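Structure first, then comments.
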Amino acid sequence: MTSPHKRKTAWAMGTTALFLALSGTQAMAQDVIRIGSITTLEGPFATGGQDAYRTMEMAFEEIDYTVGGKKIEWIRESSDATPDVALARARKLIEQDNVDIIIGPLSGAEGIALRDYSRTLQGKTIINGSSGAADTTLRDPSPNFFRFSTEGTQWMAGLGTHAYTDMGAEHVALVAADYAFPYAQVFGFMHEYCALGGAVTKLWSPLNTTDFSSIIAQIPEDADAVLLIQGGTDALAFLTQYAEVGGDLPIIGGSITADQTLLSARGPHQRLMEGMVAAGPIADMNDDPAWVAFVDAYRTRWPDGFDSPSIHAFNYYTNTIAALKALEEVGGDLSDNQAAFQTALANIEFTNPMGANVKLDENRQAISDIYLTRIVDDGGTMRTQAFGRTEGVSQTMGMPTEEFLALGSPSRDNPDCPPVN
């Protein structure tokens, strides 16, 4: 029979062993930074989501998955561009995978959902992927949601003025997807265009539309151009069907319309895309050494990828690099509910792959450069070429904040300028 003393000694030794095991686990956990990510690998933006993960992988490989002396563990998740699915994947990353940081999502309504979710979290940080809805950061921002990519309203800087003044398009037919990101794009375009006297006929479509015949039939005969705020398979469907019926109006593209996710696809839509003007944070043809190096590295790492990184690849890479720079600055310290890390994020300033300066405003939203682009046939390859640049575009488009907020939130009805009867 074991004596009480021996039983007590055995219990004490077992407790000590358990404590050492737990301490070792905790120490090991502190040496690993767990980064979760969400992008769209299902639905209309799947090709852009795949490209986003290409450049995230590049960013981690560049530092050998190590930052601040700690290893990075990367857990990937997929969404389908809907807020409910993105939120479910975010909860899984936080509650089951115990990630420290989430980078994502891709689509606008998803971003608003994750912004709201981030408010319920302590000691965690969500950094945007590519989602571009304006109100994600403009109104009721979350203290632990950061966006180092510019957003949909900013991306249209200069385009409304160019369409009215330089193209002479006094009436455009708007064909746009009916959700948060296109609302921001339309707001950015019409903010300038309506003030100059332009008229807009709005034609909205649900996300994942495959048949645009009824919308094409509603394009007014006296329209001077089509403003197409669609992306992925939706944009491809519209352009293909519009080309097949002989549509010949000039196309003014949204930022995700004039993108490699569409330019790389073959078909009758390319007839309409050549010469298309658009605006956004990137241009395929850019002589800045930072961009040349980035594109070369992308093509070398992903020979089966696009001719040039897509807008989603660019945005995810930019946001990932921001996270890594801030982690390096604080030596990987995520203690005290990530206080030092979030302070570093809020104050970091760097140059993105386009060679443009990036810094955050008081809402943790990027201020950076926007480019006017035109699609050209560059030796048999369709690329966007910059022909204008607006430096340091703020989320309020240069207006005082209160004055800009008084314009109201972007929506299918706001802003408005009278359609032509």
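The values are calculated or read from the model by the stated rules, or taken from the named source; none is laboratory data. Here the structure is a predicted model, which is why all the values come from computation and not from measurement. Positions of Cβ are backbone-derived with ideal geometry, glycine not excepted, and every protein chain shown enters the neighbour counts. Heads up: the accessible areas ignore ligands, DNA and RNA and are worked out on the full protein's heavy atoms, side chains in. Shrake-Rupley method; radii C 1.70, N 1.55, O 1.52, S 1.80 Å.
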Of the residues in the stretch 358-389, those that are closer than 13 Å to Ile282 by Cα and under 19 Å from the mean Cα position of the chain (by Cα) come to Ser368, Asp369, Ile370, Tyr371, Leu372, Thr373, Thr384
Result of the Cβ filter at 9 Å on the stretch 258-281, keeping first residues that are closer than 18 Å to Glu151 by Cα and free of Cβ contacts under 8 Å to residues at least 60 places away in the same chain and partners that are crowded, with 24+ Cβ neighbours inside 10 Å and not hydroxyl-bearing (Ser, Thr, Tyr), at least 6 apart or interchain, is none
Checked Thr233, Thr165 against criteria (modelled with pLDDT under 95 and not in a loop (DSSP other than H, G, I, E, B)); the one match is Thr233
Requested in this report: With the condition kept exactly as written, say whether any residue in the stretch 211-226 is free of Cβ contacts under 8 Å to residues at least 40 places away in the same chain, more than 18 Å from Ser255 (Cα to Cα) and either within 28 Å of the chain's Cα centre (by Cα) or surrounded by 20 or more Cβ atoms within 10 Å (Cβ to Cβ) (or both).
Outcome: yes
* **Boolean, Val175 is more than 18 Å from the chain's Cα centre (by Cα), of a type in the set (A, V, I, L, M, F, W, C), outside any helix (DSSP H, G or I) and closer than 30 Å to Pro220 by Cβ** => yes
Those residues of the stretch 50-108 which are within 25 Å of Thr150 (Cβ to Cβ) and acidic (Asp, Glu) amount to Asp51, Glu57, Glu62, Glu77, Asp80
Quiz item: Regarding Leu249, is this residue assigned to a helix (DSSP H, G or I), on the phi < 0 side of the Ramachandran plot and touching a helix residue (DSSP H, G or I) at 6+ places or on another chain (Cβ under 9 Å)?
Solution: no
Return a yes/no flag: does the stretch 69-77 have any residue that is under 23 Å from Ala340 (Cα atoms) and open to solvent by less than 10 Å² (accessible area, probe 1.4 Å). no
Restricting the stretch 78-125 to residues that are farther than 20 Å from Ala322 by Cβ, part of a loop (DSSP other than H, G, I, E, B) and among the β-branched types (Val, Ile, Thr), the one least open to solvent (accessible area, probe 1.4 Å) turns out to be Thr82
Filter the stretch 31-45 for residues that are open to solvent by 10 Å² or more (accessible area, probe 1.4 Å) and of a type in the set (A, V, I, L, M); the one that is nearest to Leu324 (Cα to Cα) is Val32
Among residues of the stretch 291-308 being over 16 Å from Ala46 (Cβ atoms) and touching a Ser or Thr at 6+ places or on another chain (Cβ under 6 Å), the residue least open to solvent (accessible area, probe 1.4 Å) is Val295
Exactly one of Phe294, Phe238 is within 22 Å of Glu391 (Cβ to Cβ) and outside any loop (DSSP other than H, G, I, E, B), and that residue is Phe294
